[in-house]
Amino acid sequence: MNIALIGNPNSGKTTLFNLLTNSRERTGNFNGVTVQEKVKPYKYDKSITIIDLPGLYSLNAVSPDEKVVSDYIKNNKIDCIIGVVDGLNLERNIALIKELKKLAIPIVYAVNFCDETEKKGVKIDKNYLEEKFNAKFIFISARKNINVKTLIDCTKSAKYGKDYDPNIDLNRAIKRENKISLTEKIDKVLTSPIIGLFFFAAVIFSVYFLSIKTGGFFGKYLDGLITGLGENLGKKLQNYGIKRWFISLIDVVIVKGIGSVVSFLPQIIIMFFLLALIEESGYMARVSYIFERPMRYIGLSGKSVIPFVIASGCNVNAVLSTRTIENDVERKNTVFLAPFIPCSAKMIVYGWFAKTFFNGSPYIATLLYFIGIIAILFFGVILKKLNGVKTDSGFILEMPVYRLPSFKSVFFVLIEKTKDFLLRVGSIIFLITFFLWLLNSFNFHGYTENGEESFLYIIGNTIKGIFYPLGFADWKVSVAIISGIFAKEAIIGALGVVFVDSALFNGAYSVFAFLIFIELAPPCIATLITAKGELNRKDFYFMILFQFLSAYFFALIINLFGIIIKSYINLLFYLVIAIILILLIYFSVKTLKKGQCGNCRGRNKCRKNQCTTICVKARRRKKTHFFPKS
Amino acid sequence: MLLKDLNKNEEAVVKAVLCNVAVKKRLFNLGLTEGVKVRVIGFSPFFEPVEITFNNTFLAVGKSIAEKIEVE
C-alpha cells in the first residue's frame, strides 16, 4: 500500500515522514527543503510505503520541485493520500485541499500543529469540514507525536467519497482571535532597512567566525591526540621491525592525511548546527525577501539566496534546492554561481591553510566567504549579459511563521552530518589519500622515499604547466588541485602525502591565489553529478568551463598583483598575458552578447530589442514562459 | 489604488487582481483573491518586495505584481 504525503510547503510533511518511517530526513522552516520524492516503509508495518513529496500550492506545477509532485502522481500508483494541512492556516490550505479531492484517490486530511492551534486561539470545525469534503480530518501534531497512529489506521480504511461540496463557508470552518502575531512584530524589526541588513551580516559572520573559532579550539586537541597516537604507533611498529613502507603508509595516509581532515570535525558540526538553527527558525525566507531587489539586478531571483546560504553547508544540497526557482534562466545562473560560496569541505581546506601558513587566523576563511559573495556579484553581472534577456518572473514568496527550532530535528542534523563526514573520510578521502601515497611512494623500481622519483612526480610535473601562470610552479600544488576534483578535503590529504615546506608557494599572496582558485574552481564530483541532473548538457559543460575560467582569472589577478608588489622583474611577461586574457574575455563576451535581442534572440542579428519582427520560435518560447510581458 | 501605493501598517481590501492567469492562479492558491483584507507589514531594505499579511498568511510580493493588484 502506497501512501503519499502531499501538502503546502512548511506544513510539516517531512517531520511527519520522519516520524512514520523512523528516518532523519532534513526538515526546515522555509519553502523548498524537500525537493525530491522520498520513499520508505512505515516503521510498524513494512507493507505500507510512505512517500514524502515536495510542498506545493497547486497541482499545476510552476517550479521544478512542484513538477516532481505532479509527475509522481501521474506515473506511480498511489493507494491513499495524506493531505497534510497547516492547522494554523487553514484558509491558505483550502485551495489545495479541494484540488486533492479532485484526484479521485482515497484521501485523509491530517491537520497538523494541533498542539499550537489551541494556544493561538484557532478553532477548526472538524464536523463541518468532514461533512463538506466527505473525508476524514484528523488533528495531529507531527512534532509532538499526537494522533499519528490513528492517522495511519484511518488511511487503511479510507475510501474515496465521491460527493463533496466545494463551497465552503470559511468563517464557519475556522474561527480565530484577531491578534497581531509575534511573526509580524519580529518581521518589522528583522526586515527593517538598517537593522535588517546588519542582522544578516551579523548572522553570516557569526556562523563562520563561531564555527572556525570554537571548532578550531576543540580541533587543536583532536589534532594533538591523533598526531600523538600516530607517533607512538610509528615507534612501536619500528621496534617490532615492520617494513618501512608500511610505517610510511600509516604515518602518511592515516595520520597526516585522514587525521588532519578528522581534526576539523568539531568545526563542521558547529557550522551545521548553526545553519540548522537558521533553517529551522524561518529566517531563510526573510533573507530572500531582503535580497530580492539586488539579486534581480544581477539576473538572479531573491530565491537564489537560499541556495547560496545552503551552499555554505554543502553544494550538493544547494544545487538541488534551486528547484524552487520558477524562472529557468535564474535557476541556471544560480546553479552556476552557488559553488562560489565555500562549502564546509572548502572551509576545512581554508582552516588547514590558515593553520599552516597564517598562524591559524580565523579571518582567512571569513574573508574568503566575502570574496565568494563578491565573485557571485561580479560573475552574476557577466552571466546576465551572456544570457541576454532581462527577466522579471514576478516575485511571490510565502514567509513562514517563525518557530523555535525543535531540539529533535537539530539533533538529527548533527548526527547525520557527523555520520556523513566520517563516512566520507573513511571512504573517498581515504581512498584518494591512499592512492596518492601509492603513486608518491613507488616508481618503476619499487618503493622509494624520494618523492622526486615517484609516479606522482611524473604526473604532477606534466600538468604543472597549466597552473604556472598562477604562480603554482611546484608539481605538488598541481597534484593537490587535481585531487580536489574528487573531494575538496582531499587537497589536505594530498598535501599531507607529499612533503609540505614553505617553499611550496612563492609567498603569502601565492597561497591566497591558491585558496581563491580552490574557492572558484569547479566543485567536487558529487556536486557536478547533481548539477548534471539539473542542467541540460550544453549548460553543464558551460558551467565547468565558466567556473574553471573564473577561478583561473581571479587567481591570475591576485598572482599578478602579488608579483607587481614583490618585484618588477617578471612584470612584462605577466602584463602581456594579462592583456591577452583581458582581450580574450572582452571579445568572447562581445561575440556572445551580440544578437541577444529580446525579441528574436539574435536571429535577425540586431542588438537590444530593436527588431520588430518576432520569429515563430521566439513567440512560442514566450508563450510557455512562466511570466510573459503582458 | 494599487497595492504598491499602500504605506506601512495600512490596511485595505483587495478589489481586483489584474495579473496574468498563471500569477493570478498562484495568488489564488495562496489565498490572495478579491475581497481579502490585507495589511502591509513593511518593505524590504531595498524598497521592494512588499510584505503583506492576510488571514494569518505572510506573503512577499515583488513590485511588478504589487502594481497589478487593485485595493481600496
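The values are calculated or read from the model by the stated rules, or taken from the named source; none is laboratory data. Fair warning: this is a prediction, and the values are worked out from it, not measured in the lab. Quick reminder, even Gly has a Cβ in these numbers, built from the backbone with ideal geometry, and neighbours come from all protein chains shown.
Brief remarks on what is shown
- Residue in the stretch A:47-70 that is more than 30 Å from A:VAL319 (Cβ to Cβ), surrounded by 24 or more Cβ atoms within 10 Å (Cβ to Cβ) and over 29 Å from the mean Cα position of the chain (by Cα) present: no
- A count restricted to the stretch A:281-320 and to residues that are within 13 Å of another protein chain (Cβ to nearest Cβ), among the polar types (S, T, N, Q) and outside any helix (DSSP H, G or I) stands at 1.
- On the stretch given as the stretch B:56-72, residues that are at the interface with chain A (Cβ under 7 Å from one of its Cβ atoms) and part of a strand (DSSP E or B) total 5.
- Qualifying position, being more than 19 Å from the chain's Cα centre (by Cα), away from chain B (no Cβ under 13 Å) and either farther than 30 Å from A:GLU398 by Cβ or in a helix (DSSP H, G or I) (or both), among A:ILE250, A:ILE269: A:ILE250
- Within the stretch A:182-191, being more than 7 Å from every other protein chain (Cβ to nearest Cβ) and over 13 Å from A:ILE290 (Cβ atoms) holds for A:LEU182, A:LYS185, A:ILE186.
- Screening the stretch A:217-247 for residues that are touching a Gly at 6+ places or on another chain (Cβ under 9 Å) and small (Gly, Ala, Ser) and picking the one that is nearest to A:ILE432 (Cα to Cα) gives A:GLY230.
- Against the test of being over 26 Å from A:PHE412 (Cβ atoms), within 13 Å of chain B (Cβ to nearest Cβ) and crowded, with 18+ Cβ neighbours inside 10 Å, the options A:ILE107, A:ILE94 yield a single qualifying residue, A:ILE94.
- Matching option when the condition is in contact with a Pro (Cβ under 7 Å, 6 or more places away or on another chain), away from every other protein chain (no Cβ under 14 Å) and either of a type in the set (Asp, Glu) or touching a residue at least 40 places away in the same chain (Cβ under 8 Å) (or both), among A:LEU404, A:LEU368: A:LEU368
- Against the test of being loosely packed, with under 15 Cβ neighbours inside 10 Å, at pLDDT below 85 and within 14 Å of chain B (Cβ to nearest Cβ), the options A:LYS385, A:LYS390 yield a single qualifying residue, A:LYS390.
- Selected residue (criterion: farthest from A:TYR208 (Cα to Cα)) from residues of the stretch A:292-316 that are touching a residue at least 12 places away in the same chain (Cβ under 8 Å) and surrounded by fewer than 23 Cβ atoms within 10 Å (Cβ to Cβ): A:ILE298
- The lone exception for B:ALA12 - which of (1) touching a residue at least 60 places away in the same chain (Cβ under 8 Å); (2) among the small types (Gly, Ala, Ser); (3) closer than 23 Å to A:GLU292 by Cα it fails: (3)
- Across the stretch A:161-195, the qualifying residues are those that are surrounded by 14 or more Cβ atoms within 10 Å (Cβ to Cβ), in contact (Cβ under 8 Å) with a residue 24 or more places away in the chain and touching a strand residue (DSSP E or B) at 6+ places or on another chain (Cβ under 9 Å), and the one among them that is nearest to A:ILE348 (Cα to Cα) is A:THR191.
- Failed condition for A:LEU404, given (1) at pLDDT 85 or above; (2) part of a helix (DSSP H, G or I); (3) not aromatic (Phe, Trp, Tyr): (2)
- For the stretch B:19-32, filtered to residues that are in a loop (DSSP other than H, G, I, E, B) and without any contact (Cβ under 8 Å) to a residue 40 or more places away in the chain, the residue that is farthest from the other protein chains (Cβ to nearest Cβ) is B:LEU32.
Residue by residue, here is whether (1) among the hydrophobic types (A, V, I, L, M, F, W, C); (2) within 14 Å of chain B (Cβ to nearest Cβ); (3) in contact with a Gly (Cβ under 6 Å, 6 or more places away or on another chain) holds:
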residue	(1), (2), (3)
A:VAL33	yes, no, no
A:GLU37	no, no, no
A:PRO54	no, no, no
A:SER58	no, yes, no
A:GLU66	no, yes, no
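- Meets criteria (out of contact with any Leu (no Cβ under 8 Å at 6 or more places or on another chain), hydrophobic (A, V, I, L, M, F, W, C), facing another protein chain (nearest Cβ under 9 Å) and farther than 19 Å from A:LYS188 by Cβ) for B:ALA16: no
- Selection within the stretch B:45-55: residues that are farther than 19 Å from A:ARG293 by Cβ and at pLDDT 85 or above. The member of this set that is nearest to the other protein chains (Cβ to nearest Cβ) is B:THR53.
- Here B:GLY42, B:GLY35 are screened, and the one residue that is at the interface with another protein chain (Cβ under 7 Å from one of its Cβ atoms) and either touching a residue at least 12 places away in the same chain (Cβ under 8 Å) or assigned to a helix (DSSP H, G or I) (or both) is B:GLY42.
- Within the stretch A:337-382, tally of residues that are among the charged types (D, E, K, R) and at pLDDT below 85: 1
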